[in-house]
Amino acid sequence: MELRLYDTLSREKRTFVPLDAKNVRMYVCGPTVYDFAHIGNARPVIVFDVLFRLLRHLYGEAHVKYVRNITDVDDKINDRAARDFPGLPLNEAIRKVTEETGRQFHADVDALGALRPSVEPRATEHIGEMREIIERLVRGGFAYVAEDHVLFSPQAMNAANAGLPRYGALSKRSLDEMIAGARVDVAPYKKDSTDFVLWKPSKPGEPSWASPSGIKVEGRPGWHIECSAMAWKHLGEQFDIHGGGIDLVFPHHENEVAQTCCAFHQQRMANYWMHNGFLQVESEKMSKSLGNFITIHELLRDWPGEVLRLNMLKTHYTSPIDWTMKSLEESARTLDDWYRIAADVAPSKPAVSVLEALLDDLNTPQAIAALHGLRGSDVPALAGSLRLLGFLSESAAQWEGRKQQASGIDAKQVESLIAERTAARARKDFKESDRIRDQLAAMGIAIKDSKDGTTWEVAR
Ligand SMILES: [Zn+2]
């Protein structure tokens, strides 16, 4: 069985061959910590967590390194800090925003059943690496200093033609078209409209660090250089998989490739580029102005994290996903069922049918269909497969208890009503027993009679 992954650069599914099977390396762009993560941000977290788990299953836990960064220097963070803490010095306010948002992000993704990555580097702890890459780019003639900025020149990159990829290859854009389509109000310090910022001067009060050589005033990095620096530091000049949302292909990932390949004279930065598709809510684009902007935090108040996880994985990661209430309710019912029959069963190895689906470019809809197939035939394999996918983190009783708590149901009251009903049935007072059953149904409780007595659960 071999793993095949769709690679955005070559536009085809390719067999995955790691550079070093003892050290399989993956980088995924993480959050910019300035606000609650929305449900669209949860998609790469869940998708690449499934890939991380699969790689660990295939190559061994000790042989897979997953890096997901935290961007803690950004204009959006500065704006938020100034708005929320107007009385504090900006740097202190920024620390409050990034610490609080970072903590919230971790709480959210833990609840989604995502394993913590091997390393979660912070941008502000890698300024030295950024400076070094920038200085290499200037020395190599790929970047230049102008008005205390450092700019990268895609045109210089494509003119060099020395064993480098072409700028635009990842996003399938031509540099000539980009030049022709450029806006007219280009910043005066740019030689060409397509040049992008590697480093910029900080305004008074803003976070600032010593600049790359040739610039006297302090400054701060552009966004793209952060990922090149952190990937280099933790994974080396070249690694196996780079992932992120489809909206990052251009310009972010195109620029990462340009920076890394030109700084280290490489033909490639990563061997496989993987991108997850967009997420819509009830068939509409999610936006703050439409009022359908939902955070992970809000959803977790109403649903267990595993329900959100299953709901996400029902769609293949490359396809757009339509996030609907109806689909969430279905996912919840499916998990209730799986918990009931598989959570307390000793798991066997994951089923071949589930693994084969995952090995085919993480075909999670097919894997879920295979899980439904196992339900009636091999419950230990169902349990093992669900665990591989990051489900069944609780016992059946914990799951049911949480559901009751979330629905505000008093288990003691339910138990005593069931006891009354059992007594009514024993004295053949069926009118009374039916009345109690209806009362329970109105409370959202479904009961089931068997020879061993009456069991109950919260009906979704
Ligand atoms: Zn990135």
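All conditions in (1) assigned to a helix (DSSP H, G or I); (2) more than 16 Å from the ligand (Cβ to nearest atom) hold for Phe293, with the sole exception of (1). Would you be able to say whether some residue in segment 193-205 is in the same structural domain as Ala143 (by TED's automatic domain parsing), touching a Phe, Trp or Tyr at 6+ places or on another chain (Cβ under 6 Å), under 30 Å from Leu88 (Cα atoms) and touching a residue at least 40 places away in the same chain (Cβ under 8 Å)? Within segment 193-205, one or more residues are in the same structural domain as Ala143 (by TED's automatic domain parsing), touching a Phe, Trp or Tyr at 6+ places or on another chain (Cβ under 6 Å), under 30 Å from Leu88 (Cα atoms) and touching a residue at least 40 places away in the same chain (Cβ under 8 Å).
Kindly provide the set of residues from segment 2-24 that are outside any strand (DSSP E or B), of a type outside the set (A, V, I, L, M) and loosely packed, with under 15 Cβ neighbours inside 10 Å, ordered by number. Explain how you work it out, then say what you get.
Looking only at segment 2-24, we keep the residues that are outside any strand (DSSP E or B), and these are 2-3, 8-11, 16-23.
Remaining after also requiring of a type outside the set (A, V, I, L, M): 2, 8, 10-11, 16, 18, 20, 22-23.
If the condition is that a residue be outside any strand (DSSP E or B), of a type outside the set (A, V, I, L, M) and loosely packed, with under 15 Cβ neighbours inside 10 Å, then Glu2, Ser10, Arg11, Asp20, Lys22 are the ones that fit.
For segment 173-184, does any single residue satisfy the condition of being under 28 Å from Met26 (Cα atoms) and within 16 Å of the ligand (Cβ to nearest atom)? No, that holds for no residue.
Conditions tested, residue by residue: (1) at pLDDT below 95; (2) aromatic (Phe, Trp, Tyr); (3) away from the ligand (no atom under 16 Å from the Cβ).
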site: Met1; (1), (2), (3): yes, no, yes
site: Asp7; (1), (2), (3): no, no, yes
site: Arg14; (1), (2), (3): no, no, yes
site: Leu19; (1), (2), (3): no, no, yes
site: Pro44; (1), (2), (3): no, no, no
site: Phe48; (1), (2), (3): no, yes, no
site: Arg56; (1), (2), (3): no, no, yes
site: Tyr59; (1), (2), (3): no, yes, yes
site: His63; (1), (2), (3): no, no, yes
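Residue count for segment 30-40 satisfying the condition of being part of a strand (DSSP E or B) and within 16 Å of the ligand (Cβ to nearest atom): 1.
The C-beta contact set for segment 115-132 (first residue within 30 Å of Gly60 (Cα to Cα), second residue in a loop (DSSP other than H, G, I, E, B), distance under 6 angstrom, 6+ apart or interchain) comprises Pro121/Asn69; Arg122/Asp72; Ala123/Asp72; Ala123/Val73.
When every residue of segment 243-260 is checked against the conditions, none turns out to be more than 20 Å from Trp223 (Cα to Cα), in the same structural domain as Tyr167 (by TED's automatic domain parsing) and in contact (Cβ under 8 Å) with a residue 60 or more places away in the chain.
When the strands (runs of 3 or more DSSP E) confined to segment 188-280 are screened for residues that are within 15 Å of the ligand (Cβ to nearest atom), those reaching at least 2 such residues are found at 196-201, 239-245, 270-276. All conditions in (1) part of a helix (DSSP H, G or I); (2) within 16 Å of the ligand (Cβ to nearest atom); (3) under 27 Å from Thr364 (Cβ atoms) hold for Tyr27, with the sole exception of (1).
The values are calculated or read from the model by the stated rules, or taken from the named source; none is laboratory data. As the structure is a prediction and not an experimental result, all values here were calculated from the model. Cβ sites come from the backbone with ideal geometry, for glycine too, and all protein chains shown count toward neighbours.
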